[in-house]
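Rule-based calculations on the coordinates, nothing more; no lab input. Owing to the predicted nature of the structure, the values given are computational and were not obtained by experimental measurement. With ideal geometry, Cβ positions are generated from the backbone for all residues, glycine too; neighbour counts draw on all protein chains shown.
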Amino acid sequence: MKNMFLFSGQGSQYPMMGKELLQSNPEFSYIYDTASEILGFDLKKICFESDEQTLARTIYSQPAIMATSLLCFETARKNGIEFCGVGGHSLGEYAAMAASGVCTLENGFKLIKARSEAMEKASHETDGTMAAILKLTPQEVEGVCLDVDGYVEPVNYNSPVQTVIAGERKAVEQACEKFKELKARVMPLKVSAAFHSKLMKNAAEEFFKNIQEIEFSFPKDGIHFYSNFTGDEFFEFQFMHEYLRTHIYSPVRFTNEVRNMRIAEFNTFVELGPGKVLSGLVKKILPDSHVYNIEDNASLEKCLAGLKERGVMI
């Protein structure tokens, strides 16, 4: 039995996330200190003192989620939880890179700074939005998108019955009306842009231009790194700059990614970071899997108890 660490994506943030865990593990303050020096603002203050609206801004939410996720990662390791695979949902891949040694902590936050600033800028330059569609298959969602005037397409294949669409605001709204006619559950997302769509191509180019000095490595200790873009294990780390550029405007193939993790005999998943969104998705994709999350002291204790009971690499 092998443990897979999964890192939370954008939208999982909430005020005071990570505060209790950091108070219990103050030696990991260096994560926030390193980030703050690179970002040019006090990340602890953003995480622990900001309201929901402030924290939702892309330039704040992305580094805040990454820092919280890496705090959870270090806490898991401190408590003896072993792992041999990593993956993340969209933004979460950056925490996965830092955790697996693909990039240093410093370079991880340099990447996030460049990414969040480029995407924040794009949110002011494009009129895009996103919506989650539930109770329809991905193929049904794709079919409706093709039948809409304007640009809209699936961008997050989250589970067999949850697909997120993105595109021009009017096209997304038109698609949502068609989904409601099909009795689907439609959830407009509180986002400032159409992430992972072609409306992000300018952001991707600006991001790419600003990360040329950053170096990448292969994962340390034989850790298996899984990709949203390919939906499978990733090996071409010599092309990371290009990969990350494409990642910004390409669909997240989370369902295929998790299924391929299972094929590789990963059946225990630990979500690291705020919330339990990925935990819920994994259970939808692999109902018989063992799924835990770590975001605070209570969830840490529950995870440790569950892993010890099953004797899984701890």
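Remarks
- If you go through region 1-32 and keep only what is acidic (Asp, Glu) and touching a helix residue (DSSP H, G or I) at 6+ places or on another chain (Cβ under 8 Å), you end up with just Glu20.
- Hey, Lys2 surrounded by fewer than 23 Cβ atoms within 10 Å (Cβ to Cβ), touching a Gly at 6+ places or on another chain (Cβ under 8 Å) and closer than 27 Å to His224 by Cα or not: yes
- A single member of Leu300, Leu244, Leu278 is buried (at least 22 other Cβ atoms within 10 Å of the Cβ) and in contact with a Cys (Cβ under 9 Å, 6 or more places away or on another chain), and it is Leu300.
- Region 204-222, residues that are closer than 18 Å to Ala98 by Cα and of a type in the set (Gly, Ala, Ser): Ser217, Gly222
- For region 265-282, the count of residues that are of a type in the set (A, V, I, L, M, F, W, C) and farther than 18 Å from Phe7 by Cβ is zero.
- Which numbered condition Ile214 misses (of (1) under 15 Å from Thr104 (Cα atoms); (2) among the hydrophobic types (A, V, I, L, M, F, W, C); (3) part of a helix (DSSP H, G or I)): (3)
- Pairing residues of region 150-178 that are surrounded by 21 or more Cβ atoms within 10 Å (Cβ to Cβ) with residues that are of a type in the set (Lys, Arg) and part of a strand (DSSP E or B), at Cβ distances under 8 Å and at least 6 apart in sequence or on separate chains, gives no pairs at all.
- Residue in region 218-236 that is farther than 21 Å from Cys84 by Cα, part of a loop (DSSP other than H, G, I, E, B), touching a residue at least 24 places away in the same chain (Cβ under 8 Å) and not polar (S, T, N, Q) present: no
- Unmet requirement for Phe269, which otherwise passes all of (1) over 13 Å from Gly87 (Cβ atoms); (2) surrounded by 20 or more Cβ atoms within 10 Å (Cβ to Cβ): (1)
- Applying the set (1) closer than 19 Å to Gly92 by Cβ; (2) of a type in the set (Val, Ile, Thr); (3) touching a Cys at 6+ places or on another chain (Cβ under 9 Å) to Val186 leaves exactly one unmet item: (1).
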